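A short write-up of the structure that comes next.
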Amino acid sequence: MSNRTFAIIKPDAVRNGYLGQIIDRIIQAEFVILGAKLIRMTREQAEGFYAIHRGKPFYEELTRFMSSGKCMVLALEKENAVAAWRKTIGATNPADAAPGTIRKDFASSLGENAVHGSDSDPNAEQEIAFFFSESELIAAK
Ligand code: IDP
Ligand code: MG
């Protein structure tokens, strides 16, 4: 189970036309896509998904933004998936993100930063389960 992580291609990236290029980065980085869906989160879903940030100053802005348009949710597999995906996406603030990372190349601000990545194995499993049933995850290539 430690080899899975959860990703979101956020509404800013979809709106800005980067969906295809970000999926390509996922494939180039040799993640196996176990599941992917294009959805529009309700405000309630966004509030539930980001419940860990409830009470923080950016919570309102974050949940409004995450429910503002289409996004793609993905379950990804790779060795050390959580750390590998966080390395691929770069720092939360694109201004601090390393060259070649997704946030450096496709994000424009701290709030609207193109992608999400889980921060631990237990959170990855919980986040995958928030959007996918196990039967929707396809392990075979
Ligand atoms: P992460 O996405 O890199 O794990 P977190 O600290 O978990 O970063 O924050 C979750 C999301 O909340 C960020 O990706 C970003 O969209 C948003 N966010 C975090 N800090 C701020 C802030 O100070 N202002 C506005 N939005 C923020
Ligand atoms: Mg986080």
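Taking every alpha-carbon pair in the chain and binning the separations at 5 Å intervals from zero gives 2, 11, 20, 24, 24, 14, 4, 1, 0 percent. Evaluated with a Cβ-only charge set (Lys, Arg +1; Asp, Glu -1), the chain carries a dipole of roughly 320 debye about its Cα centre, given to the nearest 20. Other residues within the sphere of radius under 15 Å centred on the Cβ of Thr101, judged by their own Cβ, net out at +3 (K and R +1, D and E -1).
Given Phe65, Ala97, Ala139, which one lies farthest toward the positive end of the charge dipole of the range 59-141, if we put +1 on the Cβ of every Lys and Arg and -1 on the Cβ of every Asp and Glu? Farthest along the dipole direction, towards plus: Ala97.
If you count Lys pairs in the chain whose Cα atoms are under 23 Å apart, skipping same-chain pairs closer than 8 places in sequence, the total is 15. With the convex hull drawn around the C-alpha atoms of the range 66-137, the volume per residue stands at 101 Å³.
Each stretch of four or more DSSP H residues adds -39500 (n - 2.57); spread over every residue of the chain, this sum gives -10500 deg cm²/dmol at 222 nm.
Only the coordinates and a few stated rules stand behind these numbers; no lab work does. Quick caveat: nothing in here was measured; it's all calculated off a predicted structure. Counting neighbours? That spans all protein chains shown, and the Cβs are built from the backbone with ideal geometry, glycine included.
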